[in-house]
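The values are calculated or read from the model by the stated rules, or taken from the named source; none is laboratory data. Source: prediction; values computed, not measured. Glycine also receives a Cβ, built like all others from the backbone with ideal geometry; neighbour counts cover every protein chain displayed.
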Amino acid sequence: MFSYSNIVEDLVIENLLKSNGEHIPVIISGDDCECDDLEKYVENLGGTIKHKLHLINAVAAYIPPVGVRSVSREKYVSKIHYDDMAFKLMDIASVTVASDYANEHGLTGKDIGVAVVDTGVYPHADLTTPNNRIVGFVDFVDKKTSPYDDDGHGTHVAGIVAGNGFSSNGKYMGIAPDANIVGVKVLNKDGGGSISDVIAGVQWVVENKDRYNIKVMTLSLGTKAKTSYREDPLCKAVDRASNHGITVVAAAGNSGPEKSTINSPAISPNIIAVGACDDRSAAKPSDCTIANFSSRGPTPDNINKPDILAPGVNINSLSNKDNSYHSLSGTSMATPIAAGCAALLYENNPNLTPTQIKRTMMGHGVGLGYDPDVQGAGLLDIKKMMGTTNPSPQPPNRSPKEGSRGSRGIFSIFDGWFFVILIVFLVLFL
């Protein structure tokens, strides 16, 4: 019946067959035309434009079922995708994430902008005190102008990236505690949102990267990969962001242990896909185990994924209620750890490219003994990579940030400083 299936995604046809006449949400990609031309054509068919996605030369629209065939026959239309839903990627549980090597050596992500494309960001004290580091906010769901998070997922992610531990006396500190957060709300109060809203959020980040010095974008969200990354609209968007000098970090997904379960946009080879490991009972990094829920490769293009692992089981971070904390599990929690690491690398050397950031992370992973489609390059090791960029970090002249650090960081180091100070005290005063 449908001879134009090479242009129209199968999911569009499935929804077309089930349609009772209501308009169908689609993303229409064009060749050799402008978004304005696509917009005019959609409107002539009786459709409605939702977003003009010039970043990928496409439009998101609602079109009547009878218009699908007409659109597919236009010579400048390359593909019609169903505007499916993307969802936050998390499990449930409870523990903490704390300090790392770079913080102790003076790298804290200062002035680096990290875009959190998620459910929003609540103005938690750990992000706003003593200085408000939520420097930008945009809402593609309810169009509000002040930072908020009616789900909590995005706030938890933002805290893992850049919480400074203010409300916990330093106990629950993020990876880059001086980094700036740019909140991009694309998911609703239930943690879901359309692919086109996510793409619109990515597009906004690219357009505003210089305004907020956005070097890193983290997406703890995804949708089932249905095609090659070369055709996937969400992958196209993040690839364009990478081309604009933004390191994109995305959650691999929580559909493990089955194979070939990496989500979009993590299937793109041009961004960093992060899987989750369990470090709760590990005496050293190499003792960590893969989280059962962490998605496995290969991708539809037979690319090995994930790229790297980070702790993602029972991670304690910011709540969107008052100034409290709670813990979650999932590749959603592992992803901002890698994003925070990217912010530290950029602070250490602002001239790095997204390709160099990815190469640095993958080139210094700690192997856990799994297949590449399970662990990628292994566990993220910030300590190992910090000395490989130029300039190398140096211990600060000042003392570390006030407040008690967590009893266990990613690599459980520097607890010995307490004993050094104690010995000096005994020598001088006893």
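Determine the pairs where a residue that is at positive phi, located within the stretch 248-276, has a partner that is hydrophobic (A, V, I, L, M, F, W, C) and at pLDDT 95 or above with Cβ atoms under 8 Å apart, the partner being 6 or more residues away or on another chain.
G253/I262; G253/A266
Kindly evaluate S317 against the criterion of being in the same structural domain as V114 (by TED's automatic domain parsing), of a type outside the set (A, V, I, L, M) and farther than 19 Å from M173 by Cα. Before the answer, list the steps.
On the way: in the same structural domain as V114 (by TED's automatic domain parsing): yes; of a type outside the set (A, V, I, L, M): yes; farther than 19 Å from M173 by Cα: no.
No; evaluated as a whole, the condition is false for this residue.
Kindly list the number of the only condition in (1) part of a strand (DSSP E or B); (2) at pLDDT 80 or above that fails for T108.
Unmet condition: (1).
Results for (1) among the β-branched types (V, I, T); (2) modelled with pLDDT of 95 or more; (3) surrounded by fewer than 20 Cβ atoms within 10 Å (Cβ to Cβ); (4) not in a strand (DSSP E or B), shown as yes or no for each residue.
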site: A266; (1), (2), (3), (4): no, yes, no, yes
site: P269; (1), (2), (3), (4): no, yes, yes, yes
site: S281; (1), (2), (3), (4): no, no, yes, yes
site: F293; (1), (2), (3), (4): no, yes, no, yes
site: R296; (1), (2), (3), (4): no, yes, no, yes
site: I303; (1), (2), (3), (4): yes, yes, yes, yes
site: N320; (1), (2), (3), (4): no, yes, no, yes
site: R359; (1), (2), (3), (4): no, yes, yes, yes
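Rundown of residues vs (1) within 19 Å of L345 (Cβ to Cβ); (2) of a type outside the set (A, V, I, L, M); (3) crowded, with 20+ Cβ neighbours inside 10 Å, yes/no style:
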residue: L107; (1), (2), (3): yes, no, yes
residue: I112; (1), (2), (3): yes, no, yes
residue: V121; (1), (2), (3): no, no, yes
residue: A125; (1), (2), (3): no, no, no
residue: F140; (1), (2), (3): no, yes, yes
residue: S146; (1), (2), (3): no, yes, no
residue: G159; (1), (2), (3): no, yes, yes
residue: P177; (1), (2), (3): yes, yes, yes
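List pairs: first residue in the stretch 197-213 and part of a helix (DSSP H, G or I), second residue buried (at least 19 other Cβ atoms within 10 Å of the Cβ) and small (G, A, S) anywhere in the structure, Cβ distance under 6 angstrom, at least six positions apart or on different chains.
Sorted first by the residue in the stretch 197-213, then by its partner, the pairs are V198/A86; I199/A237; V202/A237; V202/A241; V205/A115; V206/A241; Y212/G113; Y212/G136.
Identify the residue in the stretch 184-230 that is under 22 Å from V59 (Cα atoms) and among the aromatic types (F, W, Y) and, among all such residues, is surrounded by the most Cβ atoms within 10 Å (Cβ to Cβ).
This residue is Y229.
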